[in-house]
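S.K.: There's a structure below that I have some questions on.
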Amino acid sequence: MPHASRPHHHHRRRRVPRPLPLVAAGALLATAAVTLPQLTPEASAATTLRGYADARGVRIGAAVGDGPLTSDSAYTTVLDREFNSVTAENAMKWDALEPSRGGYNWAAADRLVAHAAAHNQGVRGHTLAWYSQLPSWLKNGNFSAAELNTILKKHIDTTLGRYKGKVYAWDVVNETFNEDGSMRSSLWQDKLGTGYIANALRWAHAADPAAKLYINDYNIEADNAKSDALYALAKQLLAEGVPLNGIGFQSHFVVGQVPSTMKANLKRFSDLGLEVSVTELDIRIPLPASAAELAQQSADYKLASENCLGVARCAGVTVWGVTDKYSWIPGTFSGFGAALPYNESYAPKPSYTGLSNGLNPAA
């Protein structure tokens with residue numbers, strides 16, 4: 001399903017975390033003591049999502065909200081233990097960075113980049129040219145094509161210039177296609193034509209030659225009209241020598257609906273020489289989630305991650321959030337939720353195990 005523009009952080013009622021049952025935890029520890037040697041900190045670190053991803057040389061990422069990053073220590077504990085990559089959920093979108101023309105607000109984006117550096121995490125930049133979450137001065141400015149071109153280049157130069165060497169990949173162009181494979185109407189497409197895509201990639205490469213440059217979209221995981229159109233565009237850009245390095249597959253799925261053609265579809269992009277990444281994975285469930293649906297979600301997380309990691313040029317998997325407590329899903333898809341690997345009390349769900357098994361090189 002297409003999604004609406006990503007909402008900013010929703011303040012939702014906080015629930016008091018429930019402690020794990022002591023009996024179950026004790027029994028688990030007792031069993032572990034019988035069957036396993038004493039775990040060193042290094043060995044136990046290897047059993048985290050981050051440990052498995054590190055062992056494979058790939059990224060396991062999470063979208064990060066500035067609110068929980070600055071106010072919720074349980075959130076940062078899980079984030080830093082489990083993830084070796086972060087993406088700003090909203091802080092690097094244009095409306096957040098430049099709310100008034102020439103008036104930049106780097107505070108939240110800088111906080112995330114600094115946090116990542118302090119915790120040895122890579123940063124995915126998100127996003128430079130998108131139809132949504134544009135500041136009103138830009139959206140309603142009625143600029144000529146020439147001026148709009150200049151504005152886009154300046155935004156790319158300024159943003160990548162600030163974070164040069166600190167962001168390993170950028171979603172340069174985001175959500176450019178309709179479901180039927182036609183180009184989506186947007187400020188950029190309507191005023192500048194499809195050529196803005198190549199220009200944005202060239203400008204981004206000039207601003208930070210080391211960053212991997214991506215086109216990112218949703219509902220392109222299956223072999224369908226939309227992914228066919230993106231494949232044709234990617235092929236054309238590469239033939240023209242445009243610095244396109246990767247394709248981001250957002251992967252906002254409904255439980256039980258990971259596409260059967262996903263792996264083969266990612267492989268055809270990889271076969272062009274492009275990196276492929278799952279960039280915004282979440283798997284939403286109609287609420288309340290049943291035990292059967294949570295088990296299916298676990299299998300879906302395993303399958304989705306394996307579909308990427310089974311392809312030669314898969315750079316990694318990012319989940320769109322850490323915990324259901326801050327997920328964008330309930331505010332956008334009415335009646336759905338429970339989409340992430342951790343519940344609102346930071347307990348790992350069955351989907352955590354599914355994702356862990358999908359990442360584990362020994363599994």
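S.K.: Out of curiosity, is D282 farther than 20 Å from S132 by Cβ and in contact with a helix residue (DSSP H, G or I) (Cβ under 8 Å, 6 or more places away or on another chain)?
M.R.: Numbers: farther than 20 Å from S132 by Cβ: no; in contact with a helix residue (DSSP H, G or I) (Cβ under 8 Å, 6 or more places away or on another chain): yes.
Criteria not met by D282.
S.K.: Something else now. Would you say P17 is modelled with pLDDT under 95, in contact with a Gly (Cβ under 6 Å, 6 or more places away or on another chain) and more than 24 Å from L309 (Cα to Cα)?
M.R.: Details: modelled with pLDDT under 95: yes; in contact with a Gly (Cβ under 6 Å, 6 or more places away or on another chain): no; more than 24 Å from L309 (Cα to Cα): yes.
It is false that P17 is modelled with pLDDT under 95, in contact with a Gly (Cβ under 6 Å, 6 or more places away or on another chain) and more than 24 Å from L309 (Cα to Cα).
S.K.: In addition: Under 9 Å between Cβ atoms, at least 6 apart or on separate chains: pull out the pairs that start in the stretch 61-72 with a residue that is more than 18 Å from A315 (Cβ to Cβ) and end on any residue that is assigned to a helix (DSSP H, G or I) and modelled with pLDDT under 95.
M.R.: Close Cβ pairs (under 9 Å, with a partner that is assigned to a helix (DSSP H, G or I) and modelled with pLDDT under 95) do not exist here.
S.K.: Okay, moving on. Determine which member of the set A229, A211, A225, A239 is over 17 Å from T176 (Cα atoms), surrounded by fewer than 22 Cβ atoms within 10 Å (Cβ to Cβ) and not β-branched (V, I, T).
M.R.: A239
S.K.: Which one is nearest to the chain's Cα centre (by Cα), of the residues in the stretch 207-234 that are among the charged types (D, E, K, R) and either under 26 Å from I156 (Cβ atoms) or in a helix (DSSP H, G or I) (or both)?
M.R.: Applying the first criterion (among the charged types (D, E, K, R)) to the stretch 207-234 yields 208, 212, 217, 221, 223, 226, 228.
Cutting the leftovers down to either under 26 Å from I156 (Cβ atoms) or in a helix (DSSP H, G or I) (or both) gives us 208, 212, 217, 226, 228.
Details: D208: 21, K212: 15, D217: 11, K226: 19, D228: 22 Å.
Only one residue tops the list, namely D217.
S.K.: Among the helices (runs of 4 or more DSSP H) confined wholly to the stretch 111-194, which include 1 or more residues that are within 23 Å of the chain's Cα centre (by Cα) and at pLDDT 95 or above? It would help to see each step written out before you state the result.
M.R.: Working: elements: 136-139, 145-162, 187-192.
Per the criteria, 145-162, 187-192.
S.K.: Would you list the helices (runs of 4 or more DSSP H) that sit entirely within the stretch 29-98 and hold 3 or more residues that are closer than 18 Å to A117 by Cα, among the β-branched types (V, I, T) and modelled with pLDDT of 95 or more? Break it down into steps so the answer makes sense when it comes.
M.R.: Details: elements: 41-45, 49-56, 66-71, 73-82, 94-97.
Correct list: 73-82.
S.K.: Just the residues that are crowded, with 20+ Cβ neighbours inside 10 Å and farther than 19 Å from Y75 by Cβ, please, taken from the stretch 310-332.
M.R.: Of all residues in the stretch 310-332, those crowded, with 20+ Cβ neighbours inside 10 Å come to 311, 314-329.
Scanning the stretch 310-332 gives V311, C314, A315, G316, V317.
Yes/no per residue for (1) among the hydroxyl-bearing types (S, T, Y); (2) farther than 25 Å from I151 by Cα:
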position	(1), (2)
F177	no, no
L192	no, no
I197	no, no
A207	no, no
I220	no, yes
S227	yes, yes
G246	no, no
S270	yes, yes
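The values are calculated or read from the model by the stated rules, or taken from the named source; none is laboratory data. Keep in mind the model is a prediction, meaning the values are calculated, not measured. Cβ atoms come from the backbone with ideal geometry, glycine included; neighbour counts cover every protein chain shown.
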